[in-house]
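Enquirer: Can you keep this structure in mind? I'll have questions shortly.
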Amino acid sequence: MEWKDGKTRCKWANPENDTYVHYHDEEWGIPVYDDHKLFEMLILECFQAGLSWECVLNKREAFRKAFDGFDLEKVCAYDETKRNELCQDSGIIRNRLKIRAAVNNACIFREIRQEYGSFSAYLWHWTDGKVIYENDKVSSPLSDKVSVDLQKRGMKFVGTVIIYSYLQAVGVIYSHEPGCFLERR
């Protein structure tokens, strides 16, 4: 595929979508340790279930606005009125179950933070703080374990495929494809 800037990227990156290219080049696969960013990405990944990441990414700014900048305490406090308001927001994905799950998952995210000191500590403990280098997968034994643990804790929309995608997004798993200018081993 020809890219305007001459760089070769992963096949999934859409060269016609500058937001997607920027996400591929500047965010995807870079290790994240900040709980606020980890929370935002977890909520967005949960909304991706059954949809493309590009669809979610294109609505990211609307999600940020609708979810109060992904302020964990505010999202944990969302009541039925706020959830109904979100269901009417045409800027985001208006799936009632995913909106309920986002609030539920926020509360569990907060519990994990309290247990581990940070969600980052919880997430990175699965790999002893190491980045896993692999590609051409949609799930793995690692995503299976994290998914099962999050589900046991009560999170929703955190199946192994969604969690694998999340782990890639936040850099626990580094998956840039062979030939991509960001590929590392």
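Enquirer: So what's the gap between the Cα centers of the stretch 78-122 and the stretch 1-74, to the nearest angstrom?
Expert: With the stretch 78-122 and the stretch 1-74 each reduced to a Cα centre, they are spaced 18 Å.
Enquirer: Also: Considering only protein heavy atoms and a 1.4 Å probe, what is the carbon-and-sulfur percentage of the accessible area of the stretch 11-79?
Expert: Details: 1630 of 3120 Å².
Here it works out to 52 percent.
Enquirer: Along the principal axes of its C-alpha atoms, what lengths does the stretch 1-103 span, in descending order and rounded to whole Å?
Expert: Projected onto the principal axes, the Cα atoms of the stretch 1-103 cover 49, 29, 20 Å.
Enquirer: Connecting C-alpha atoms closer than 10 Å in a GNM of the chain, tell me which of His24, His125, His36 has the biggest fluctuation.
Expert: His125
Enquirer: Convex hull over the alpha-carbon atoms of the stretch 1-50: what's its volume per residue in Å³?
Expert: 96
Enquirer: Please list Lys7, Lys152, Lys98 from largest to smallest accessible area, probe radius 1.4 Å, with all protein chains kept in place.
Expert: Lys152, Lys7, Lys98
Enquirer: Nearest 20 debye, what's the magnitude of the dipole of the chain about its Cα centre given +1 on Lys and Arg Cβ and -1 on Asp and Glu Cβ?
Expert: That gives the chain a dipole magnitude of about 460 debye.
Enquirer: With a 1.4 Å probe and all protein chains in place, put Ser90, Ser147, Ser165 in order of accessible area, largest first.
Expert: Numbers: Ser90 85, Ser147 5, Ser165 25 Å².
Highest to lowest solvent-accessible surface, that is Ser90, Ser165, Ser147.
Enquirer: Run the numbers on the chain and let me know its relative contact order in percent, using alpha-carbon pairs under 8 Å that are six or more apart.
Expert: 32
Enquirer: Express the carbon and sulfur contribution to the solvent-accessible surface of the stretch 106-185 as a percent, rounded to the nearest whole number, probe 1.4 angstrom.
Expert: Answer for the stretch 106-185 is 51 percent, counting heavy atoms of protein chains only.
Enquirer: How long are the three semi-axes of the equivalent ellipsoid for the chain, computed from the Cα gyration tensor as the root of 5 times each eigenvalue, in whole Å, largest first?
Expert: Taking √(5λ) for each Cα gyration eigenvalue gives 27, 21, 13 Å.
Enquirer: Lys/Arg Cβ at +1, Asp/Glu Cβ at -1, dipole of the chain taken about the Cα centre: which of Ser52, Asn135, Asn95 is farthest positive-ward?
Expert: Of the candidates, Asn95 comes out farthest on the positive side.
Enquirer: Just the accessible area per residue of the chain, please: how many Å² with a 1.4 Å probe?
Expert: Result: 49 Å² of accessible area for each residue.
Enquirer: List the pairs from Lys74/Lys130; Lys11/Lys137; Lys74/Lys156; Lys59/Lys152 whose alpha-carbon separation is above 23 Å, in the order I gave them.
Expert: Over 23 Å Cα-Cα: Lys74/Lys130; Lys59/Lys152.
Enquirer: Something else: What residues have an amide H closer than 5 Å to that of Tyr133, excluding those fewer than 5 places away on the same chain, when H is modeled at 1.01 Å from N in the peptide plane?
Expert: Tyr174
Enquirer: Across the stretch 120-170, what fraction of all alpha-carbon pairs, as a whole percent, falls in each successive 10 Å bin from zero upward?
Expert: Spelled out per bin, shortest first, that is 25, 62, 13.
The values are calculated or read from the model by the stated rules, or taken from the named source; none is laboratory data. What you see is a predicted model, and the numbers here were worked out from it, not measured in a lab. In this analysis, Cβ positions are derived from the backbone assuming ideal geometry, glycine residues included, and neighbour counts consider all displayed protein chains. Protein only, heavy atoms only, side chains kept; ligands, DNA and RNA dropped before computing areas. Shrake-Rupley method; radii C 1.70, N 1.55, O 1.52, S 1.80 Å.
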